[in-house]
Amino acid sequence: MSRETLSPMSPEMTDSVRRRVRLIILIDAAENAGLKPIAIRRLHTLAYLSNVLAPVWNMPTLDGRVLKRHGGPFYPALQRDLDHLVGSGIARISGLSHVHDKDRRWRLEGSYSLNRLFANPVLKEVDHFEDERQVVAFIHELALAFSALSDDELDATSTEDATYSNPIIDFGEVVDFGEWKTENPSAETANRFGGLIPSGATALPGEKLHLYIRHLYARMHDKRPA
Amino acid sequence: MTSGPRRSKVSGAPDAWEGGDLKATVDKNAGIGSDAGLPEDVRFARGIVNLVRSQIAEGTANRPCPAVFLLQPNARALDESVQPRRVPMLNNGKVPIAGRLWYVNEAVVSGKYLELEATDDDEIFSIVTDRLQLGTVTAAIVEHRTKTPAVRFYPRGLGEPDDMRVIPIAATVTLNQIFNAIDRIHEKSLLTPDANSVAGKLWKNATKCHPIKNAEDVVQMYLRIGLTMAFPTCDIRHEQPSAVGRLDLKIEESDALDKTDVKRHAILELKVLRSYSSSGKPLSAAQTGKWIESGVNQAHYYGKEWHAKGKALCCFDMRQEPTGEHCFSHVRKLAKDLQVELKLWFLFRSSERMRRATSNQTTSGAKE
């Protein structure tokens with residue numbers, strides 16, 4: 001089938017395939033930002049941020065809801081796809097272990113990296129599609145912004161995120177910012193930065209992502225800006 | 001059987017995320033990520049310069065020895081027993097950099113370092129090229145043995161030590177210096193179709209003199225890259241919305257620590273002059289005249305609105321033949337009254353035409 005007839009967003013591509021491609025892009029972006037290998041928890045947080053902040057880059061959200069857990073965002077379907085990527089040799093896992101988390105569940109610990117031999121051809125194919133190139137540009141910039149945080153801060157990002165930290169939503173409930181609900185305080189906040197540049201200029205999407213992450217940092221440290 | 005997660009209501013923006021807090025973050029961090037989309041080596045060079053600038057402003061003490069930066073986000077250890085140490089928020093300039101080998105990403109917002117025992121240049125180069133086998137990785141060396149730190153940029157890595165340029169940490173930014181930088185961009189990337197990069201072709205059909213449809217966007221991209229390298233401490237902002245339209249390029253510079261202290265150096269309105277549209281439709285001299293006049297007015301309005309120190313209309317002439325600055329005759333007085341500088345760069349549609357024009361100029365110069 002030609003590239004023209006098989007668009008990555010066409011109904012012919014299953015959600016799972018789309019998520020696996022997104023996962024490869026996420027791990028690639030993390031590695032490009034210096035976060036190699038990326039721990040499971042941080043990878044799910046990065047996936048969450050790529051969903052909740054997609055509107056900042058004028059893109060649709062891939063998955064507009066997530067289960068709120070003590071350990072941070074976690075996507076069971078994405079984890080299954082991640083396991084599949086490991087099984088198929090596209091991703092590698094290191095430092096594998098199990099921990100008992102605050103939700104009294106056994107949780108997998110480990111860190112992921114790409115096996116470039118198999119991942120690069122996928123990324124090369126992705127580069128043929130304009131929409132996917134935009135996704136790559138967005139997630140790469142997001143990962144760069146994310147990489148400015150320390151290891152502890154990377155793990156604590158969701159505790160300050162404007163959407164995930166909403167006190168109205170209890171742990172064990174679903175944070176919905178794009179499936180049934182349209183409110184997305186994280187993207188709203190990031191966009192609000194656009195009009196606050198001291199020179200009176202308007203921040204472009206890349207700058208908004210960095211400012212949003214810097215603001216999470218400031219909130220983690222008694223609201224003192226980085 | 002387990003029950004699925006319960007749905008719950010999501011409120012709007014939380015109360016704690018209001019103006020003052022957000023403004024404090026922006027005032028401290030504006031400009032980070034404003035170069036998104038530029039080539040990674042350009043961002044890397046700019047990031048290193050701004051890191052050094054922050055260090056100077058913070059008064060961070062550095063030993064009198066070089067710091068080596070590699071555009072290699074994932075570190076390689078020199079010795080398995082000593083793992084690189086990670087530094088988040090590197091760009092705040094608070095962590096000493098000298099005497100260390102740094103692995104950074106293109107945004108230079110975090111990094112990992114190894115202590116460098118060597119202070120001798122040859123030894124440092126050898127560590128990177130021979131021991132680490134990273135001689136082809138884009139690199140920069142920050143020199144702390146001079147009175148003021150200097151940044152030496154190696155786009156093709158330390159394995160090509162002769163391909164090096166010194167990047168200024170502090171530069172005066174005037175319209176003339178901006179024009180000089182555009183002269184260099186023009187010569188390197190715009191002058192002929194052969195000079196265009198694969199991703200930045202300006203001609204749809206050069207033989208027929210048909211530019212591409214979005215030629216202004218492509219010229220703007222070349223200028224963003226070139227001006228960022230020429231003035232790395234500045235934010236080269238593009239496509240800024242305004243009450244009267246969209247401003248093409250704005251060159252501003254914030255203080256290294258206090259981002260509310262901004263120098264508004266210049267605004268540039270960019271126009272491409274065409275003999276034909278991309279589809280081959282002829283465009284008259286009158287249309288070109290109106291196009292130029294609208295550019296003068298736009299430059300004036302944007303400059304006034306942004307309180308820019310300098311304002312200029314920069315025309316990139318993709319017409320059939322170079323006719324010099326005659327195209328500005330009808331707007332000279334207007335531009336002078338509005339204090340808008342006028343500049344023109346001609347883009348040849350073939351290298352052969354460019355060579356012919358150059359030799360004709362030389363011949364007529366010799367006759368005179």
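Taking the residues in the range B:1-36 that are polar (S, T, N, Q) and at pLDDT 50 or above as candidates, determine which candidate is surrounded by the most Cβ atoms within 10 Å (Cβ to Cβ).
The selected residue is B:N29.
Quick one: count up the residues across the range B:294-337 that are polar (S, T, N, Q) and crowded, with 21+ Cβ neighbours inside 10 Å. First the steps, then the outcome.
The initial filter retains those residues of the range B:294-337 that are polar (S, T, N, Q), namely B:294, B:297-298, B:320, B:323, B:329.
Those left that are additionally crowded, with 21+ Cβ neighbours inside 10 Å: B:298.
Matching residues across the range B:294-337 total 1.
Being within 14 Å of chain B (Cβ to nearest Cβ) and part of a helix (DSSP H, G or I) is the filter; apply it to the range A:20-47 and report the residue that is farthest from A:R69 (Cα to Cα).
So in the range A:20-47, the residues within 14 Å of chain B (Cβ to nearest Cβ) come out as A:27-39, A:42.
This time we only want the ones that are part of a helix (DSSP H, G or I), so: A:27-32, A:42.
Working: A:I27: 22, A:D28: 26, A:A29: 25, A:A30: 23, A:E31: 26, A:N32: 28, A:R42: 14 Å.
Restricting to residues being within 14 Å of chain B (Cβ to nearest Cβ) and part of a helix (DSSP H, G or I), the top hit is A:N32.
In the range B:309-330, what count of residues is obtained for those that are in contact (Cβ under 8 Å) with a residue 40 or more places away in the chain and not in a loop (DSSP other than H, G, I, E, B)?
Taking the range B:309-330 and keeping what is in contact (Cβ under 8 Å) with a residue 40 or more places away in the chain, we get B:309-320, B:327, B:330.
From what is left, the residues that are not in a loop (DSSP other than H, G, I, E, B) are B:310-318, B:327, B:330.
Count: 11.
Hey, any hits in the range B:256-271 for a residue that's free of Cβ contacts under 8 Å to residues at least 12 places away in the same chain and under 30 Å from A:G195 (Cβ atoms)?
To start, the set of residues in the range B:256-271 that are free of Cβ contacts under 8 Å to residues at least 12 places away in the same chain comprises B:261-262.
Add one more test, that the residue is under 30 Å from A:G195 (Cβ atoms), and what stays is B:261-262.
Yes, the conditions are met somewhere in the range B:256-271.
Which residues, counting only those in the range A:201-225, are over 18 Å from A:F138 (Cβ atoms) and more than 7 Å from chain B (Cβ to nearest Cβ)?
Of everything in the range A:201-225, those that are over 18 Å from A:F138 (Cβ atoms) and more than 7 Å from chain B (Cβ to nearest Cβ) turn out to be A:Y217, A:R219, A:M220, A:H221, A:D222, A:R224.
Of all strands (runs of 3 or more DSSP E) completely enclosed by the range B:174-259, which ones contain at least 1 residues that are of a type in the set (D, E, K, R) and on the phi > 0 side of the Ramachandran plot?
Working: elements: B:203-205, B:235-242, B:245-254.
Qualifying strands (runs of 3 or more DSSP E): B:235-242.
Restricting the search to the range A:86-126, which residues are of a type in the set (D, E) and more than 19 Å from the chain's Cα centre (by Cα)? Even if it seems obvious, please write down each step before you answer.
Restricting attention to the range A:86-126, the residues satisfying the condition of being of a type in the set (D, E) are A:101, A:103, A:109, A:125.
Answer for the range A:86-126, where residues must be of a type in the set (D, E) and more than 19 Å from the chain's Cα centre (by Cα): A:D101, A:D103, A:E125.
Which pairs have Cβ atoms under 6 Å, sit 6 or more apart or on different chains, and link a residue in the range A:176-190 that is within 7 Å of chain B (Cβ to nearest Cβ) to one that is small (G, A, S) and crowded, with 20+ Cβ neighbours inside 10 Å?
Sorted first by the residue in the range A:176-190, then by its partner, the pairs are A:P185/A:A162; A:T189/A:A162.
Looking at the structure I just gave you, is B:A215 among the hydrophobic types (A, V, I, L, M, F, W, C), touching a helix residue (DSSP H, G or I) at 6+ places or on another chain (Cβ under 6 Å) and either within 14 Å of chain A (Cβ to nearest Cβ) or buried (at least 18 other Cβ atoms within 10 Å of the Cβ) (or both)?
On the way: among the hydrophobic types (A, V, I, L, M, F, W, C): yes; touching a helix residue (DSSP H, G or I) at 6+ places or on another chain (Cβ under 6 Å): no; either within 14 Å of chain A (Cβ to nearest Cβ) or buried (at least 18 other Cβ atoms within 10 Å of the Cβ) (or both): yes.
Here the answer is no, as B:A215 does not meet what is asked.
Yes or no, residue by residue, for (1) more than 11 Å from chain B (Cβ to nearest Cβ); (2) under 24 Å from B:K112 (Cα atoms); (3) touching a Pro at 6+ places or on another chain (Cβ under 6 Å):
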{"position": "A:F129", "(1), (2), (3)": "yes, no, yes"}
{"position": "A:E141", "(1), (2), (3)": "no, yes, no"}
{"position": "A:A145", "(1), (2), (3)": "no, yes, no"}
{"position": "A:L149", "(1), (2), (3)": "no, yes, yes"}
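The values are calculated or read from the model by the stated rules, or taken from the named source; none is laboratory data. Treat the numbers as computed from the prediction; the structure is a model and nothing was measured. Here Cβ is always computed from backbone atoms with ideal geometry, including for glycine, and neighbour counts include all displayed protein chains.
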